[in-house]
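The values are calculated or read from the model by the stated rules, or taken from the named source; none is laboratory data. All values reported here derive from a predicted model rather than from experimental measurement. When we count neighbours, we look across all protein chains shown, and the Cβ atoms used for this are built from the backbone with ideal geometry, even at glycine. Heavy atoms of the whole protein, side chains included, go into the accessibility calculation; ligands, DNA and RNA do not. Shrake-Rupley method; radii C 1.70, N 1.55, O 1.52, S 1.80 Å.
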Amino acid sequence: MILLWWHLPVGRQGKEKIKGFFFTLFPFIFKNKKAYKNWQYTNNLSNPDFNYSPEDFPKNWPVEKLNKSKYNTNEENINNKDSENNIAVIIHAFYDDVFEELIKRLQETQYGRMKLFISTVEDKHHRINEIAKNSGFAYD
């Protein structure tokens, strides 16, 4: 079954839609499977009203709510490209299609200057480098 899944002739987004379809319609079949639990938890995390408890994380992890006010995202600084609003984005790119989608999303943001720090596996290096070069971002 797993081999069939890996060799489906659809991209990652297509596989996510397939999973969402089956997991939504037939949760009772998948409820004890790790893939279903991960899918469910990811959906919960994407919900802005999701509340987590410290018990959801390993001991000694910092679990305070994120104080977004310390990140200066007001309109004036977002559009001021000369501000000290430099951002480092660290990415381990394994799937080139996911990396390409991530680059598109980063290009849509307006958080000032960004520098990408990219790592990848040997056999994906050329494709990832090509995507990064065409992105317009500074990268290492």
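I need the full set of residues from the range 95-120 which are over 12 Å from F137 (Cα atoms), modelled with pLDDT of 85 or more and open to solvent by less than 90 Å² (accessible area, probe 1.4 Å), in order please. Result: Y95, D96, D97, V98, F99, E100, E101, L102, S119, T120. Sub-9 Å Cβ pairs linking a first residue in the range 129-140 that is in contact (Cβ under 8 Å) with a residue 12 or more places away in the chain to a second residue that is open to solvent by 70 Å² or more (accessible area, probe 1.4 Å) and among the polar types (S, T, N, Q), at least 6 apart or interchain, are S135/Q107; G136/Q107; F137/Q107, ordered by first then second residue. Does W61 satisfy the criteria of being more than 30 Å from K17 (Cβ to Cβ) and either modelled with pLDDT of 70 or more or in a loop (DSSP other than H, G, I, E, B) (or both)? Here the answer is yes, as W61 does meet what is asked.
For F50, indicate whether it is modelled with pLDDT of 85 or more and aromatic (F, W, Y). In short, no.
Screening I78 against (1) at pLDDT below 75; (2) part of a loop (DSSP other than H, G, I, E, B) leaves a single unmet condition, (2).
Based on this model, can you work out whether E16 counts as acidic (D, E), within 30 Å of I128 (Cα to Cα) and either modelled with pLDDT of 85 or more or not in a loop (DSSP other than H, G, I, E, B) (or both)? First the steps, then the outcome.
Working: acidic (D, E): yes; within 30 Å of I128 (Cα to Cα): yes; either modelled with pLDDT of 85 or more or not in a loop (DSSP other than H, G, I, E, B) (or both): yes.
Answer is yes for this residue.
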